[in-house]
1. Across the range 89-94, in residue order, what do the Karplus-derived ³J(HN,Hα) couplings come to in whole Hz, using 6.51 cos²θ - 1.76 cosθ + 1.60 with θ = phi - 60° and x for Gly and Pro?
2. With r defined as the distance between the Cβ atoms of E107 and Q23 and R0 fixed at 22 Å, what FRET efficiency is calculated, to the nearest 0.05?
3. Quick one: plug the Kirkwood hydrodynamic radius of the range 23-119 (C-alpha pairs) into Stokes-Einstein at 37 °C, 0.692 mPa s, and report D in µm²/s.
4. Sorting I110, I59 on the 10 Å Cβ count, fewest up front, what's the list?
5. What percent do you get for the relative contact order of the range 23-119 when only Cα pairs under 8 Å and 6+ apart count?
6. Hey, which of these cross-link pairs are over 32 Å Cα-Cα: K41/K93; K38/K64; K3/K38; K2/K76; K64/K112; K63/K112?
Amino acid sequence: MKKLSPLLLILCCSFLIACGTGQEINGHSTRTAYRSVKGLKERLSPENRIEFEVAFWTIRDAKKNDDEFLDTVDGKTPTEIIALGKEIYQQRKNEGFEAYSQYSSWEDMIAKFGQERTDPDIRKGKNASKDAKDKANNVLYKL
């Protein structure tokens, strides 16, 4: 019993230390980075989730080299990722990056991505040909 108490104390402390970086991205490898982003994303509000995802993938798109990307995102919190994503967006927009020309600002881009996710008509528009094909092959008969 005397040996069990210190062992449990050490075990509890190690668990607490391991969980201390739960709000940061683990950038030791791309796999751990993506896994920690997935976990962080689930804890964010829906409004922040979209902004965080867009910022993360903006950074990923800007940093093609895995090591450079992992060094950039390692240990960052969601708010730091969003701030970095905004900076990269603004730099690329100022350089004339074609994909960003359709957006007037970062907030406009986030709003449009959010609208695409929540608006079923926009989703339907992307799959309209598939829906028409499915209706033509429907085996349910009208009686």
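1. Result, ordered by residue: 4, 5, 4, 5, 5, 5 Hz.
2. Working: r = 24 Å, r/R0 = 1.08.
Efficiency for this residue pair is about 0.40.
3. Numbers: Rh = 13.7 Å.
Taking Rh from Cα pairs, D becomes 240 µm²/s.
4. Numbers: I110 23, I59 19.
Ascending number of Cβ neighbours within 10 Å: I59, I110.
5. Details: 83 pairs, mean separation 31.1, N = 97.
Answer for the range 23-119 is 32 percent.
6. Details: K41/K93 26 Å; K38/K64 20 Å; K3/K38 39 Å; K2/K76 41 Å; K64/K112 25 Å; K63/K112 24 Å.
Pairs exceeding 32 Å: K3/K38; K2/K76.
Quick note: the coordinates plus some simple rules give every number you see, no bench work behind them. Just so it is clear, the model here is predicted, and its values are computed rather than measured. Methodologically, a virtual Cβ is constructed for each residue, glycine included, from the backbone with ideal geometry; neighbour enumeration extends over all protein chains shown.
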